[in-house]
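Notes for the one structure printed next.
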Amino acid sequence: MSHGTFSLREPEYEALLFVLRKLLADASARVVFLVDKDGTLLASAGDAAGFDTTSLASLAAGNIAATGGLANLIGEKEFSILFHEGERDNMHLSVIAERLILVVVFDRRSSVGLVRLRVRQASARFNDVMAAAALAAIDAETGGIEELTEADIESLFK
Amino acid sequence: MSFINYASREINCKIVYYGPGLCGKTTNLQFIYNRMNPDARGKMISLATETERTLFFDFLPLSLGEIRGFKTRFHLYTVPGQVFYDASRRLILRGVDGVVFCADSQLTRTDSNEESMENLRVNLREQGYDPDRLPLVIQYNKRDLPNVASLAELHALLNRRNVPEIEAAASSGIGVFETLKTVIKLVLIDLKRGRRQ
């Protein structure tokens, strides 16, 4: 049994990028990331080059999962917003569209209040894009994955 | 749950190394990290205690090249093996595409192996998986130590599904890449089958 595959296609990817870039500007953030709850980076906007984005995605997912476990212990479904304050940079994490984590890194040019407001506004747009992505996945082309052969898989190890 | 990004032509899969405390899960990842071409692997993260026992997870991202025009990325995780970290183990299993069960071959660890395998099955069920169908590889580690159980004994105890099993001595690298290769193959075959459903 495959436990399922999440596919993201070009139009939805571009739509996510558009929303991310708008959020980056509106929230005066340094960088914004969109991560799935399994710890994979979907997209980013801003100065992401200076970050180890793979590690960031994994740890953000671990962070949300761990606090979700804490939430369950007190009878909550999850804590949907986390805020980490640093000396120079701060990080705002929020669960959106049920399965994604939006990570906003910002410094003193912005504020947690502004970030929260802009994240809330962007969440509705992300929800729309993800709903469209789910619909598109139903009748989308599979792009060759189903044609994988033993030889293809073996070629990875040569 | 594997993630296919058609925009960036990437396949992402999650593999979890499971097993009792001190069986060598982190050692497997450390050996892979040390031997992989730096271009093919990211930074290894270990959330461990001061005595280097895994507290939450170890994480190692690998990029293994392209198939059918897709870059393949595998995210390797370990779970904390100690019994009382069960809540963390459940969280790490979320979205898993394949499991390596790392067994400690020493006779004294027989009960721990059995308990951990049962715990894996319970936790997979809790996450909505069928533990009899998820891609699984069993690694019998520490074969280089004295007082180890025979392969037949370990097989009878842990491998009811008759999945691929590999002998290993992870501290010297024996069997480590064979295990990784085997689980990656199973995951990709499962991904291909999944796409046909």
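A search for C-beta distances below 6 Å between a residue of region A:53-66 that is of a type outside the set (Ser, Thr, Tyr) and any residue that is in a helix (DSSP H, G or I), counting only pairs 6+ apart in sequence or on different chains, returns A:Ala65/B:Leu91.
Scan region B:100-143 for residues that are closer than 23 Å to A:Asp38 by Cα, touching a strand residue (DSSP E or B) at 6+ places or on another chain (Cβ under 7 Å) and assigned to a loop (DSSP other than H, G, I, E, B) and the total you get is 2. Screening B:Glu66 against (1) more than 10 Å from every other protein chain (Cβ to nearest Cβ); (2) surrounded by fewer than 22 Cβ atoms within 10 Å (Cβ to Cβ) leaves a single unmet condition, (1). Sort out which residues of region B:56-88 are hydroxyl-bearing (Ser, Thr, Tyr) and either in contact with a strand residue (DSSP E or B) (Cβ under 6 Å, 6 or more places away or on another chain) or more than 19 Å from B:Val122 (Cα to Cα) (or both), and write them in order of number. Answer for region B:56-88, where residues must be hydroxyl-bearing (Ser, Thr, Tyr) and either in contact with a strand residue (DSSP E or B) (Cβ under 6 Å, 6 or more places away or on another chain) or more than 19 Å from B:Val122 (Cα to Cα) (or both): B:Ser63, B:Thr72, B:Tyr77, B:Thr78, B:Ser88. Restricting B:Arg53, B:Arg35 to those that are among the basic types (Lys, Arg) and either within 28 Å of B:Asn123 (Cβ to Cβ) or under 17 Å from the mean Cα position of the chain (by Cα) (or both) reduces the list to B:Arg53. Could you say whether any residue in region B:174-191 is surrounded by fewer than 24 Cβ atoms within 10 Å (Cβ to Cβ) and away from every other protein chain (no Cβ under 14 Å)? Checked against the condition, which is being surrounded by fewer than 24 Cβ atoms within 10 Å (Cβ to Cβ) and away from every other protein chain (no Cβ under 14 Å), region B:174-191 yields at least one hit. Of the residues making up region A:30-46, those that are within 11 Å of another protein chain (Cβ to nearest Cβ) and not in a loop (DSSP other than H, G, I, E, B) number 5.
For region B:23-45, the set of residues classified as surrounded by fewer than 17 Cβ atoms within 10 Å (Cβ to Cβ) and either in contact (Cβ under 8 Å) with a residue 40 or more places away in the chain or in a strand (DSSP E or B) (or both) consists of B:Arg35 only. Which ones in region B:23-72 are within 13 Å of B:Leu180 (Cβ to Cβ) and aromatic (Phe, Trp, Tyr)? Once the filter is applied, which keeps residues that are within 13 Å of B:Leu180 (Cβ to Cβ) and aromatic (Phe, Trp, Tyr), region B:23-72 yields B:Phe31, B:Tyr33.
Each reported figure results from applying straightforward, stated rules to the coordinates on display, with no laboratory input. Quick caveat, the model's predicted, so the values are computed rather than measured. Reconstructed Cβ throughout: ideal geometry from the backbone, glycine too, with neighbour counts over all protein chains shown.
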